[in-house]
Amino acid sequence: MSRYLDMVAEPLHVKKLTLDQLHQLAGEIRHELITVLSRNGGHLGPNLGVVELTLALHQVFSTPKDKFVWDVSHQAYVHKLLTGRKDRFHTIRQTDGLNGFALRTESPHDCYGAGHAGTALSAALGMCAARDTRRTDENVVCIFGDAALTNGISYEALNNIAHTTKKFIGILNDNEWSIAKNVGAISSYLNKVITHPRYNRWSKDFERFVKRLPKGEIALKLAHKAEEGFKGAMTEVGLQPNTDNLGSDGRGGYGNSLLFEEMGLRYLGPVDGHDLPLLINLLEFAKNYDRPIVLHVLTKKGKGYDAALKFPEKFHGLGPYDVLTGNPVPAKPGAPPNYQDVFGQTLVKLCQKNNTLVGITAAMPSGTGLKHLEKALPDRYFDVGIAEEHGVIFAAGMATMGLHPVCAIYSTFLQRAYDCLHHDICLQDLPVIFCMDRAGLSANDGPTHHGLFDIAYLRCLPNVIAMAPKDEDELADMMFTATHVPHPTFIRYPRGAGEGVPLKEQPRLLEVGKAEVLQNFSNNGQRKVALFGLGNMCSLARKAAVELTAEGFDIAVVNPRFTKPIDAGTHEFFGGAADVIVTLEDHALMGGYGSAVLELFSEKGIGASVVRIGWPDQFIEHATSQDELRRKYGLTVENLVAKVKAQFADTASVTKLSVLA
Ligand SMILES: Cc1ncc(C[n+]2csc(CCOP(=O)(O)OP(=O)(O)O)c2C)c(N)n1
């Protein structure tokens, strides 16, 4: 049977569908999401939740002229399916395929790219201001989740909307979940609005009223009354709650969300975000309303798929799974534990012995592995919401009171808090430990999520101690070591499986600033190459060492451990002894570990030839796997071996090298 989805080549086609056809299309979209993501992985729950909302948006507005700005934009898959990308949807998050987030270069319908949370309100307001300045008439619609309201930038934007523009359309997509259950006062506040004793009665009345009107009439009727005040209009249609409907704090009912109203935005809701005719009518109204407005819609994360409804956190974003059971594709038997679990379990152990330690996450308890602490020692666990800046300054405050906070924040999200690292942590030299997960690639997610810049952005800050473990056991050692360091410490480690090394019962103390020589020269008179493999690149260095040895080179392998301070003595020694030094890092070359080595050699007058292997000065795209990207960009044993050989093949450099040796 042919599907409506197959007929929707552009948003215009959505507008032509009847309500019944739209309902059928919604089902087809859910089926497509569940099927494709079972193979590719991705943000299933959030997208299942916005199917009707996205259909209604495309019924009422016209992209690309009108602009949809999605917060994070992990929930834009449905929008992709409706905007000419359905034929490529099976490629999402794969090499050369669709990106998992909105991407300006992918489609004119993606007016704004994202991947980090909290940016949509500001970006949308910027577009509104630009539109007003240019005197054009595009509609700008900002779709933000309830968790976006845990983020500071969202409030900076809200504070600015009413005095910047008259026309701003916000959709608060409230499903009560961040990745985990949403936290903090704002989530209780929204919950209170939803669960107000009279909410159900009012919502039924209101929804009946809106739906009774033919499409478009609600817009006319209410927009006409807007100048008399929204509340007046609502009274006229018999919906304005009496004052006895308000809670003691003034909350409850339509048009009474103090948060938005006090910020000068008309608030409408909360309404059922899966009721298509209702959504269409309300969006028509919002489109014609001449004041900034927020429509509060209630959606169910995972709607239409039992497993996702049952486990919203797991199905927020996940890898491939079995469609029938919802179970993830099992890991290969004997697969090493992943870094995130080793981090979480080690922190629990450390906390049990040291009661100054606490753990902080910015809304990522599962992703970071901090959920282990939440479970074992809930009093020592803090989820601050999607609020990296706040989380870092919160940690600084704790550190001034004698605690030793451990902030578990992905490398890419810590960028958000850079000034806090500088001004609050490093300047005051506070002993906060940062465990930076996803250092290196997050291959399926792509450039918004790769953690390729932290060595560079931290290396220039005074008081920083920064390290990278070669394996999961060394991660535990580094965490233990960090608890003894009275300065800001940063540990970067990758996503996913460790190296499969045995974990010691007790972690051990490492000497700060000291590298580990894993293999020294055998001084057999052959050409000498020292391989410095940072973090997870150490295993690559070891593999290359085997090949180069077989090719007749005398190889040393060093695990640098520290990127700040780097071990000057060890680097100088090998800089003097080797013909060629190779640095390897899962980080941008610009400003990274290899750069630190070059700076040291320059300062000390060491003229060794240095080959640096790492990521080039460009944003790295998404791909099916990390290995594919490594192959493409030369972070491989083959490329390393070839580069080393090329150094010696070049006669000029051979002369230079032999002089140096
Ligand atoms: C700065 C930043 N921190 C953390 C994240 C990880 N993250 C991605 S989506 C998400 C939750 C979003 O919740 P919400 O906005 O309510 O949307 P929902 O998925 O519930 O639809 C989080 C924490 C991020 N993308 N950006």
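Scanning region 18-36 for residues that are surrounded by 13 or more Cβ atoms within 10 Å (Cβ to Cβ) and free of Cβ contacts under 8 Å to residues at least 24 places away in the same chain yields 21, 24, 31. Going by the conditions given, is residue 155 in contact with a strand residue (DSSP E or B) (Cβ under 6 Å, 6 or more places away or on another chain), hydroxyl-bearing (Ser, Thr, Tyr) and either at pLDDT 95 or above or more than 16 Å from the ligand (Cβ to nearest atom) (or both)? So residue 155 fails the test. In region 314-327, which residue that is farther than 17 Å from residue 445 by Cα and surrounded by fewer than 18 Cβ atoms within 10 Å (Cβ to Cβ) is farthest from the ligand (Cβ to nearest atom)? Per the stated criteria, the residue is 324.
Of the residues making up region 25-43, just one is within 19 Å of residue 297 (Cβ to Cβ) and either of a type in the set (Asp, Glu) or within 12 Å of the ligand (Cβ to nearest atom) (or both), namely 43. Scanning region 384-395 for residues being surrounded by fewer than 22 Cβ atoms within 10 Å (Cβ to Cβ) and either in a helix (DSSP H, G or I) or under 13 Å from the mean Cα position of the chain (by Cα) (or both) gives a total of 4.
Rundown of residues vs (1) of a type in the set (Phe, Trp, Tyr); (2) closer than 19 Å to residue 478 by Cβ; (3) touching a Leu at 6+ places or on another chain (Cβ under 6 Å); (4) surrounded by fewer than 24 Cβ atoms within 10 Å (Cβ to Cβ), yes/no style:
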{"site": "519", "(1), (2), (3), (4)": "no, no, no, yes"}
{"site": "526", "(1), (2), (3), (4)": "no, no, no, yes"}
{"site": "537", "(1), (2), (3), (4)": "no, yes, yes, no"}
{"site": "544", "(1), (2), (3), (4)": "no, no, yes, no"}
{"site": "572", "(1), (2), (3), (4)": "no, no, no, yes"}
{"site": "581", "(1), (2), (3), (4)": "no, no, no, no"}
{"site": "589", "(1), (2), (3), (4)": "no, no, no, yes"}
{"site": "594", "(1), (2), (3), (4)": "no, no, no, no"}
{"site": "597", "(1), (2), (3), (4)": "no, no, no, no"}
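Of the helices (runs of 4 or more DSSP H) lying entirely inside region 53-165, those containing at least 1 residues that are surrounded by fewer than 22 Cβ atoms within 10 Å (Cβ to Cβ) are 120-134, 152-164. Got a number for residues in region 610-636 being in a helix (DSSP H, G or I), surrounded by fewer than 18 Cβ atoms within 10 Å (Cβ to Cβ) and not acidic (Asp, Glu)? So the count comes out to 3.
Rundown of residues vs (1) at pLDDT 95 or above; (2) outside any strand (DSSP E or B); (3) of a type in the set (Phe, Trp, Tyr); (4) over 30 Å from residue 90 (Cβ atoms), yes/no style:
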position	(1), (2), (3), (4)
398	yes, yes, no, yes
407	yes, no, no, yes
419	yes, yes, no, yes
422	yes, yes, no, yes
435	yes, no, no, yes
438	yes, yes, no, no
442	yes, yes, no, no
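Pairs linking a residue in region 138-151 that is among the β-branched types (Val, Ile, Thr) and modelled with pLDDT of 95 or more to a residue that is near the ligand (Cβ under 9 Å from one of its atoms) and part of a strand (DSSP E or B), with Cβ atoms under 7 Å and 6 or more positions apart or on different chains, are 143/173. Being surrounded by fewer than 19 Cβ atoms within 10 Å (Cβ to Cβ) and either in a loop (DSSP other than H, G, I, E, B) or touching a helix residue (DSSP H, G or I) at 6+ places or on another chain (Cβ under 8 Å) (or both) is the filter here; which residues of region 302-312 pass it? Selection gives 304, 311.
Being in a helix (DSSP H, G or I) and farther than 23 Å from residue 458 by Cα is a description that does not apply to residue 594. For region 364-408, the set of residues classified as away from the ligand (no atom under 16 Å from the Cβ), in contact (Cβ under 8 Å) with a residue 40 or more places away in the chain and among the aliphatic types (A, V, I, L, M) consists of 398, 403, 406, listed by residue number.
Please count how many residues of region 40-52 are part of a loop (DSSP other than H, G, I, E, B) and within 28 Å of residue 19 (Cβ to Cβ). Going through region 40-52 one residue at a time, the tally reaches 2. Taking the criterion of being within 15 Å of residue 42 (Cβ to Cβ), assigned to a loop (DSSP other than H, G, I, E, B) and without any contact (Cβ under 8 Å) to a residue 24 or more places away in the chain, the residues of region 315-357 that qualify are 326, 329. Candidates in region 170-191 are the residues that are surrounded by fewer than 24 Cβ atoms within 10 Å (Cβ to Cβ) and away from the ligand (no atom under 11 Å from the Cβ); of these, the one that is nearest to residue 53 (Cα to Cα) is 191.
The values are calculated or read from the model by the stated rules, or taken from the named source; none is laboratory data. Worth saying up front: this structure is predicted, and the values here are computed from it rather than measured. When we count neighbours, we look across all protein chains shown, and the Cβ atoms used for this are built from the backbone with ideal geometry, even at glycine.
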